[in-house]
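> Can you keep this structure in mind? I'll have questions shortly.
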Ligand SMILES: [Zn+2]
């Protein structure tokens, strides 16, 4: 298929080029050519449209759409122990599956083409991913507080083995956090990640309480504790990183660990504000995530970009430009989840994970040239995209 007459192509390539009036050829699951007047094959008219790379949601628990709005006014610890854990105990596998489908539909309708998820049983999320055509990094997440750590670790291994060869699913290991997993289980989780060469997706320094308890119990911050167990490295996707000291940031940077910044959930649960400008200045790869819909309460990455910018502008409006947050939502997010060579930008040879936005919408006007295009996408557009393509297939269209 050829996407013809694209008004603006936001490539997110290394020069952050925005091309005007171009065509994109998609063959199979890949972008094979970008140029003018391409022909030969089925054509899709994209005049009056922006085409941009699909976004990467670097941290979520998609099935928690089922708990949207059940607990809106508590700090993380109370929210988790009083409302979420009890609700999850009652949750059926069918609800994990239905919740995932609901969340995936929302993500596709708002321009997300890849998400990094942690839940249980994750095979129900994988079924929904398989069915609806989105791309995902999936971990069968686990806690170790019920003495079932070992069994759950084996479930993680089985999950990884089952999905190692799936074209759109990348399995990973997901120990929940340092306060829910023993050092022994964390080390075993690392061994599995090494054995299958996967990412390790874990909550890190989300709240002050988490840090305080970890320091009291182990004499170390969560990052330093994890580092000692060998869990800070290229494989690490640390969700949150709200309360990191300079030493933590240096460790993350030195060891090439990545962070998912989740501003909406951090604000809503009163967890604090991650110092993302500092992380980025120190060379820590940082992406954006929504976290689960019980603490956000949506999965809209356009919202997340705006919040990521405003949460820093509160202190200094020169920080976190529209281009920086778009980078976090696309090319940097791709690096975070370990798919930087395949997704995150519109370039020849990459996967055809694309999003179409109509320029005629009131919330995208005026756009006279490329100067305010990214600004409109980040600060004014409500996220209702025209169409979403994953792996070369249109998997969602809003009347396009
Ligand atoms: Zn989370």
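> From 169, 145, grab the single residue that is at pLDDT 95 or above and either touching a helix residue (DSSP H, G or I) at 6+ places or on another chain (Cβ under 8 Å) or farther than 30 Å from residue 343 by Cβ (or both).
So the residue among 169, 145 that is at pLDDT 95 or above and either touching a helix residue (DSSP H, G or I) at 6+ places or on another chain (Cβ under 8 Å) or farther than 30 Å from residue 343 by Cβ (or both) is 169.
> Hand me the list of strands (runs of 3 or more DSSP E) wholly inside the stretch 22-112 holding 3 or more residues that are modelled with pLDDT of 95 or more, surrounded by 21 or more Cβ atoms within 10 Å (Cβ to Cβ) and touching a helix residue (DSSP H, G or I) at 6+ places or on another chain (Cβ under 6 Å).
Counting at least 3 such residues, we get 55-60.
> Would you tally the residues in the stretch 117-168 being away from the ligand (no atom under 16 Å from the Cβ), touching a strand residue (DSSP E or B) at 6+ places or on another chain (Cβ under 6 Å) and not in a helix (DSSP H, G or I)?
Count: 4.
> Checking residue 242 against (1) within 15 Å of the ligand (Cβ to nearest atom); (2) touching a residue at least 40 places away in the same chain (Cβ under 8 Å): exactly one of these is not met. Which one?
The failed condition is (2).
> Right, something else. Filter the stretch 200-209 down to the residues that are buried (at least 24 other Cβ atoms within 10 Å of the Cβ) and at negative phi, then identify the one that is farthest from the ligand (Cβ to nearest atom).
Restricting to residues being buried (at least 24 other Cβ atoms within 10 Å of the Cβ) and at negative phi, the top hit is 200.
> Could you list all residues from the stretch 245-267 that are in a helix (DSSP H, G or I) and within 12 Å of the ligand (Cβ to nearest atom)?
264, 265, 266
> Continuing with the same structure: Go through the stretch 219-239 and give me each residue that's touching a residue at least 24 places away in the same chain (Cβ under 8 Å) and farther than 15 Å from residue 258 by Cβ.
221, 222, 224, 225, 229, 230
The values are calculated or read from the model by the stated rules, or taken from the named source; none is laboratory data. All figures in this text were calculated on a predicted structure; none of them were measured in a lab. Note that we place each Cβ from the backbone using ideal geometry, even for glycine, and neighbour counts take in every protein chain shown.
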